[in-house]
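One structure is given below, encoded as structure tokens.
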Amino acid sequence: MSFNTFGRVFRFTTWGESHGPALGAVVDGCPPGLALSETDLQPFLDKRRPGTSRFTTQRQEPDQVRILSGVFGGRTTGTPISLMIENVDQRSKDYSEVALAYRPGHADYAYDAKYGFRDYRGGGRSSARETAARVAAGGVARAVIHEVSILAWVSEIGGDAIDPARFDAAEIARNPFFCPDPEAAKRWEKMVDEARKAGSSLGAVIECEATGVPAGWGAPLYAKLDSELAAALMSINAVKGVEIGDGFAAAKLRGEDNADPMRPGMDGPEFLANHAGGIAGGISTGQPVRVRVAFKPTSSILTPVETITREGTASEIMTKGRHDPCVGIRGAPVVEAMMALVLADQKLLHRAQCG
Ligand SMILES: Cc1cc2nc3c(=O)[nH]c(=O)nc-3n(C[C@H](O)[C@H](O)[C@H](O)COP(=O)(O)O)c2cc1C
């Protein structure tokens, strides 16, 4: 089993490596007749693209997406949609040390232990270059769930959180951190600069909300919307935690405080709170679907770390090359994409069973 495919009805498979000529995704199960062009997908790739500020890796990739199949006359045909993004700025010589010794915290040792052989250039398949393909596939998913709006933002970097009282959605696109709080964005400039100059890195928390999800998507037990989202989000590189709604904080509440009280509303029930993150019994309630995602700090850092070589001798590694000082920042568009991909699949699954 190789596990490069995600989804049940709306399925996508990604392919490619960091320093190969190209990478991409094949989306299968997309309904026919949806308006779709490269121009619809490109803005999502532009949000994730590296090299757009000093707070991300300086690898310069235009990340131009091409649709190779499955679309004719500006509409999806119902056949597999193949998406391709060329790699143009590989610098494989930076990885000569990674070929010999393992980066602690990265996938190098685990890949060798599993496969006995690895493409070390840029981290090969373990590089988050792969997430460009997910973002492209996520753009297709958004065409399926046109009734849903998805927005992700960075809510914490290096343990420093935004002030929820200052949350301004318009700010998210105005700074290089996808940060809705301008004060926090200013603090993060200094923090990320300091970490980068010190040869270190920082972790981050991303929050994501999907509004317009109708009640009824998901399944009660083995494909709970919660578990589908958790699996999708945990599959993103460097993600170490996922919370649905209040998540771990709910464990500190009493039942009456954690309830989402309901009243009769104009158009179905009116909920007075959303501790559950829009999901109950594995099924969407019609409230916004809310998740929080924890990204660990980048493991490729200039600070020397104790390690071993491929032969098992003691060594030290300091990782040169171009790396994100805080991978969580560029994680925000990837989180949005995975949310879209799960919801598109759930919409089609719901339609298949319930009409
Ligand atoms: C958008 C994004 C960019 C990333 N960039 C880097 C990077 O420049 N250097 C690095 O060491 N890890 C980077 N990572 C994380 C690694 O890909 C990840 O840590 C590695 O694949 C090991 O997997 P794991 O952390 O999930 O265990 C990035 C992750 C994301 C989501």
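Partner lysines whose Cα lies under 29 Å from the Cα of Lys320, excluding those fewer than 8 positions away in the same chain, are identified as Lys47, Lys93, Lys114, Lys186, Lys190, Lys197, Lys240, Lys296. GNM on the chain, alpha-carbon springs under 10 angstrom: the most fluctuating residue among Thr303, Thr56, Thr76 is Thr303.
Scattering from the C-alpha atoms of the chain alone, worked out with Debye: what is log10 I(q)/I(0) at q = 0.11, 0.12 1/Å? Debye output, listed in q order: -0.77, -0.92. Note on Ala231/Ser2: beta-carbon distance plugged into 1/(1 + (r/R0)^6) with R0 of 25 Å gives a FRET efficiency of 0.90. Assuming charge only on the beta carbon of Lys and Arg (+1) and of Asp and Glu (-1), the dipole of the chain about its Cα centre is about 700 debye to the nearest 20. In loop segments of segment 241-341 as defined by DSSP, the GluC sites (Glu not before Pro) with at most 12 further C-beta atoms inside 10 Å of their C-beta are Glu311.
Only helices enter this figure: runs of n ≥ 4 DSSP H residues, each worth -39500 (n - 2.57), summed and divided by the residues of the chain, yield -8500 deg cm²/dmol at 222 nm to the nearest 500.
Amide H contacts of Gln64: Glu86, each under 5 Å away and 5 or more positions distant or on a separate chain (H built 1.01 Å from N in the peptide plane; Pro and chain starts excluded). Placing unit charges on each Cβ (+1 for Lys and Arg, -1 for Asp and Glu) gives the chain a dipole about its Cα centre, and among Ser149, Pro261, Phe12 the Cα reaching farthest toward its positive end belongs to Phe12.
Can you sort Met318, Met339 by how many other beta carbons sit within 10 Å, fewest first?
On the way: Met318 13, Met339 28.
Least to most surrounded, the residues fall as Met318, Met339.
Taking other C-beta atoms within 10 Å as the exposure proxy, Ser235, Ser155, Ser2 rank Ser2, Ser235, Ser155 from fewest upward. In sequence order, segment 286-292 has phi-based couplings of x, 7, x, 8, 10, 9, 10 Hz under the Karplus curve 6.51 cos²θ - 1.76 cosθ + 1.60, θ = phi - 60°, and Gly or Pro positions carry x. Residues whose amide H comes within less than 5 Å of that of Ile301, counting only those at least five positions distant or on another chain, are Thr319 (H built at 1.01 Å from N in the peptide plane). Computed from backbone phi with θ = phi - 60° and the Karplus coefficients 6.51, -1.76 and 1.60, the 3J(HN,Hα) list for segment 338-355 is 5, 4, 5, 5, 5, 5, 4, 5, 5, 4, 5, 5, 4, 5, 5, 8, 10, x Hz; x is used for glycine and proline.
When His146, His323 are ordered from fewest to most other Cβ atoms inside 10 Å of their Cβ, what list results?
Values: His146 10, His323 21.
Fewest to most other Cβ atoms nearby, the residues stand as His146, His323.
Measure nothing but the geometry: give the 0 to 90° angle between the long axis through the Cα atoms of 130-144 and the longest principal axis through the Cα atoms of the chain, rounded to 10°. Approximately 20 degrees, to the nearest 10. Along segment 234-241 the Karplus relation, 6.51 cos²θ - 1.76 cosθ + 1.60 evaluated at θ = phi - 60°, assigns HN-Hα couplings of 5, 6, 6, 3, 6, 7, 10, x Hz to successive residues, with x for each Gly and Pro. Residues whose amide H comes within less than 5 Å of that of Gly286, counting only those at least five positions distant or on another chain, are Ala215, Gly216 (H built at 1.01 Å from N in the peptide plane).
Just so you know, all these numbers are worked out from the coordinates, no wet-lab data involved. Note that the coordinates shown come from a computational prediction; the quantities given were computed from them, not determined experimentally. Using ideal geometry, Cβ is built from the backbone for each residue, glycine included, and neighbour counts are taken over all protein chains shown.
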